[in-house]
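The structure under discussion appears below in the form of structure tokens.
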Amino acid sequence: MPHHQDIADDAETKSNYECLGCGTIVEAESHPGGCPDCDGEFQNRAMSLE
Ligand SMILES: [Zn+2]
């Protein structure tokens, strides 16, 4: 098999995004877009943490 991937690595594909407007943190597989609370912009936190 050319592919070598765990079925259970689902959690590792998610990233934490923090709203620059109100500080709300969401966990999502892709960029969540605008904040539902304040319509602010989300920033991927994983980039600075790792
Ligand atoms: Zn917000």
Calculate one ³J(HN,Hα) per residue across the stretch 19-35 by plugging θ = phi - 60° into the Karplus curve 6.51 cos²θ - 1.76 cosθ + 1.60, and present them in order as whole Hz with x for glycine and proline. 6, 6, x, 10, x, 4, 10, 10, 10, 8, 7, 9, 4, x, x, x, 5
Count the net charge of all other residues whose Cβ sits under 15 Å from the Cβ of L20, scoring Lys and Arg as +1 and Asp and Glu as -1. -3
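Bear in mind that the values in this text are calculations on the coordinates, not laboratory data. This one's a predicted model, so the numbers in the text were calculated from it and none came from an experiment. Quick reminder, even Gly has a Cβ in these numbers, built from the backbone with ideal geometry, and neighbours come from all protein chains shown.
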